[in-house]
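The values are calculated or read from the model by the stated rules, or taken from the named source; none is laboratory data. Since we're looking at a predicted model, the values are computed, not measured. Cβ coordinates were reconstructed from backbone atoms using ideal geometry, including for glycine residues, and neighbour counts include every protein chain displayed. Keep in mind that these areas ignore ligands, DNA and RNA; they rest on the heavy atoms of the full protein, side chains included. Shrake-Rupley method; radii C 1.70, N 1.55, O 1.52, S 1.80 Å.
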Amino acid sequence: MVDKTPLISVSNIRKTFNKPRVSELLVLDHMNFDIYSGEIVALLGRSGSGKSTLLRIIAGLIPPTSGKVVFCGQPIVEPIPELSMVFQNFALMPWLTVLENVELGLEAQGVAKEERRTRALAAIDVVGLDGFESAYPKELSGGMAQRVGLARALVVDPDVLLMDEPFSALDVLTAENLRGDLINIWRSEKTNIKSVIIVTHNIEEAVILADRILVFAHDPGYVRSELAIDMPRPRDTESSEFRQLVDDVYGLMTTPLVKTTERAQFDNMDQFYRLPKVTISEMMGFLEAIMGHSDLDRVDLPELAEECHLEIDDMFPITEMLEMLRLARVSEGDISLTKEGLSLARADILQRKHIFANHLLANVPLAQFIRETLDKRESHVASEAHFLDILKQHLSGKVAEDVLTTVIDWGRYAEIFSYEYNSGLLSLENPT
């Protein structure tokens with residue numbers, strides 16, 4: 001039963017980061033929602049939507065730029081014992097045993113040694129690691145190491161368990177097993193946990209675990225939609241009800257917020273747009289998967305994701321690339337190829353290059369800018385450092401490097417310019 005009094009309230013959270021030589025980076029904006037006792041809430045979105053940043057704000061690990069997080073009526077301005085966090089990378093101390101790792105949080109709170117040991121052993125028992133108390137992290141599998149991380153979070157007896165993509169570093173079977181264990185712990189009366197907030201980019205994981213899914217937009221991150229799940233646990237992932245819920249989430253994540261003939265974000269692109277990090281082979285493989293369906297006007301994205309073994313962080317950059325180049329349209333959990341997209345998918349190798357080159361120059365301002373720069377120079381040569389310096393005026397160093405690498409790969413494939421890796425020079429040596 002969910003208590004209607006908020007356990008946690010997130011109010012008008014805004015978070016920016018200041019980087020040298022880069023304009024202020026807005027990560028979260030107008031973030032508002034409540035968390036109630038008796039529910040598991042999944043924060044779902046692709047990379048860059050600020051999910052993990054928000055979780056750290058809720059945990060009191062980093063401050064918001066503005067807005068506030070309130071727990072039981074009190075603002076959170078620093079870590080508090082009532083909120084405990086499980087990290088993606090396990091974060092175990094390699095020189096400590098399992099028991100000693102689990103005791104860390106209690107030791108920091110000044111709990112007496114005998115009580116620490118009793119509580120740590122109980123937490124180890126809850127996560128099913130009996131017999132490994134004296135083992136060191138190097139002796140543990142990934143799943144066992146994450147169980148230690150979970151035990152360390154549980155041992156402080158928190159009211160709220162915060163989980164930052166806790167299963168993403170694990171193999172499929174281990175992750176599935178740990179999700180089941182989490183539900184068993186949640187449903188048992190062995191802990192004091194009133195609510196769980198889990199960050200994920202795995203849609204099926206969110207539907208398996210959550211009572212409520214908050215779907216994040218990105219650049220900046222905010223809650224764009226919400227889905228309540230009233231389905232008994234354990235949930236049958238093969239049932240029609242489960243598959244429909246997965247479809248519903250894909251629909252929420254892919255339906256434009258503003259209905260237009262073209263996606264507004266691409267209409268207003270400039271040369272500093274953060275291009276999706278997608279290779280030509282990934283794009284062409286995805287097109288071939290689409291072409292394998294009988295109804296090319298409405299191909300189901302969940303089906304494609306399953307066929308291609310893609311999670312949203314793998315698939316959505318590809319669909320973004322196809323939409324950006326006006327080769328496909330995505331909405332309500334489905335994708336369809338445009339006339340030009342169909343032509344590209346059906347073309348031979350040389351025709352594909354020609355079609356791609358036309359769409360790249362017509363729709364990606366950075367590609368246009370590089371080509372125009374090379375055209376205007378008498379030598380028809382420019383260094384990649386020149387373009388990187390320009391990008392770094394608006395993007396952080398790593399993002400700028402990724403964007404330039406991506407557009408160079410696309411441009412070389414399209415033969416709109418050439419690139420020499422050792423010298424770092426772009427030229428029109430072999431232009432089309």
Reported set for the stretch 388-432 where residues are surrounded by fewer than 21 Cβ atoms within 10 Å (Cβ to Cβ), assigned to a strand (DSSP E or B) and over 32 Å from the mean Cα position of the chain (by Cα) is S418, E420, L425, S427
Considering the stretch 62-78 alone, what residues qualify as being in a loop (DSSP other than H, G, I, E, B) and either under 17 Å from I35 (Cβ atoms) or of a type in the set (S, T, N, Q) (or both)? P64, T65, C72, G73, I76
Can you say whether L366 is within 32 Å of the chain's Cα centre (by Cα), in a loop (DSSP other than H, G, I, E, B) and crowded, with 17+ Cβ neighbours inside 10 Å, as far as the supplied structure shows? no
May I ask you to list pairs of residues, at least six apart or on different chains, whose Cβ atoms are under 8 Å apart, with the first in the stretch 55-79 being of a type in the set (S, T, N, Q) and the second being open to solvent by 70 Å² or more (accessible area, probe 1.4 Å)? T65/R14; S66/N12; S66/R14
What tally of residues in the stretch 121-143 results from selecting those that are assigned to a helix (DSSP H, G or I) and within 20 Å of P166 (Cα to Cα)? 9
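Just a yes or no: is a residue in the stretch 234-248 part of a strand (DSSP E or B), in contact with an Asp or Glu (Cβ under 7 Å, 6 or more places away or on another chain) and within 28 Å of G50 (Cβ to Cβ)?
Restricting attention to the stretch 234-248, the residues satisfying the condition of being part of a strand (DSSP E or B) are none.
Checking the stretch 234-248: not a single residue is part of a strand (DSSP E or B), in contact with an Asp or Glu (Cβ under 7 Å, 6 or more places away or on another chain) and within 28 Å of G50 (Cβ to Cβ).
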Taking the residues in the stretch 328-341 that are in contact (Cβ under 8 Å) with a residue 40 or more places away in the chain and part of a loop (DSSP other than H, G, I, E, B) as candidates, determine which candidate is least open to solvent (accessible area, probe 1.4 Å). G333
Please work out which residue is surrounded by the fewest Cβ atoms within 10 Å (Cβ to Cβ), limiting yourself to the stretch 186-234 and to residues that are modelled with pLDDT under 85 and of a type outside the set (S, T, Y). E189
Restricting to the stretch 125-183, count the residues that are of a type in the set (S, T, N, Q), open to solvent by less than 30 Å² (accessible area, probe 1.4 Å) and farther than 22 Å from T53 by Cα. 0
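Can you confirm whether the stretch 174-182 contains a residue that is over 24 Å from the mean Cα position of the chain (by Cα), farther than 28 Å from W95 by Cα and in contact (Cβ under 8 Å) with a residue 40 or more places away in the chain? Talk me through it step by step, then tell me what you get.
Within the stretch 174-182, the first condition is being over 24 Å from the mean Cα position of the chain (by Cα), and the residues that meet it are none.
No, that holds for no residue.
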